[in-house]
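Please read the structure below before turning to the comments.
The values are calculated or read from the model by the stated rules, or taken from the named source; none is laboratory data. Because the structure is a prediction, the values reported are computed rather than measured. Neighbour counts are summed over all protein chains in view; Cβ atoms, including those assigned to glycine, are modelled from backbone coordinates with ideal geometry. What goes into the accessible areas is simple: the full protein's heavy atoms, side chains included, and nothing from ligands, DNA or RNA. Shrake-Rupley method; radii C 1.70, N 1.55, O 1.52, S 1.80 Å.
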Amino acid sequence: MKRACGAGLILLLLVAGGAPAHEARPVAASITEQADGLYLVDLRAPSSIDADNTPGITWPADCRVRAVHLVRCAQPLAGRSIAISWPVYNPAVTTLLRYRTLEGATHTAVLPPTETRWTVPAKPTASGVIRSYFRLGVEHILSGPDHLLFVAGLLLIAGSTRRIVLAVSGFTLAHSLTL
């Protein structure tokens, strides 16, 4: 029986043809702030995209393309949306976006083929950064059973609320320092 299953699997692998997949290389857009409201733009599409379906960027209404790679906006892009637009159809390609500010901060996003709109991150506030890291921490803990079992173990061992807070805080601090 095992021999027949093994032979059947080998036969299946030999007979099966290659399965076509969607394009693995992304559309890549790099937007670099040159001065207030002035952006250097580099948009590249994989060679598998037909020339008549080369994507473009849809800018906010107050933005004007000044040259092939230069865009001027009356208002900063931070906090506003841009979109990848396809002249014929969206060929199910991922988009990699990179935005660099005048201050040197870099924001990167990977949009799956189903998303074509991206909101350029606004300048971070202290409360926004705290919320973001808190959300990431909660998502991290909830992402695996080992994390949940660890927290459950802490709750069982610690006993009192005070000891639980101290244990979780100590673990968080130690974990942060090791990272």
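The heavy atoms of F134 present about 150 square angstrom of accessible area, all protein chains included, probe 1.4 Å. Running a GNM on the chain with Cα contacts under 10 Å, which residue among L38, L77, L142 ends up with the highest mean-square fluctuation? Of L38, L77, L142, the most mobile in the Gaussian network model is L142. The heavy atoms of D146 offer some 100 square angstrom of accessible surface to a 1.4 angstrom probe. Rounded to the nearest Hz, the phi-derived 3J(HN,Hα) couplings of the range 78-91 under the Karplus curve 6.51 cos²θ - 1.76 cosθ + 1.60 (θ = phi - 60°) are 3, x, 10, 9, 10, 9, 8, 10, 10, x, 10, 7, 8, x, where x marks glycine and proline. Counting only Cβ charges, +1 for Lys and Arg and -1 for Asp and Glu, the dipole size of the chain around its Cα centre is about 420 debye. Averaging the Cα positions of each part gives two centres, and for the range 125-179 and the range 47-116 these lie 37 Å apart.
In order along the range 93-109, the Karplus-derived 3J(HN,Hα) couplings, from 6.51 cos²θ - 1.76 cosθ + 1.60 at θ = phi - 60°, round to 10, 6, 10, 9, 10, 10, 10, 10, 8, 4, 6, x, 6, 10, 10, 10, 9 Hz, and Gly and Pro are given as x. Protein heavy-atom accessible surface, 1.4 Å probe, per residue over the chain: 70 Å². Taken one residue at a time, the phi angles of the range 130-139 give Karplus couplings (6.51, -1.76, 1.60, θ = phi - 60°) of 4, 4, 5, 5, 4, 4, 4, x, 5, 4 Hz. Gly and Pro are set to x. Only Cα sites of the range 62-109 enter the Debye sum here, all with the same form factor; the resulting log10 I(q)/I(0) across q = 0.14, 0.20, 0.23 1/Å is -0.49, -0.96, -1.15, listed in q order. Quick check: at a probe of 1.4 Å, how many percent of the accessible area of the range 106-163 sits on carbon and sulfur atoms? About 68 percent, which is the carbon plus sulfur part of the accessible surface. Given that just one value was derived from the coordinates, which of (i) -0.81, -1.30; (ii) -0.63, -1.18; (iii) -0.52, -1.39 is log10 I(q)/I(0) by the Debye sum over Cα atoms at q = 0.12, 0.20 Å⁻¹? Checking each listed value against the structure points to (i).
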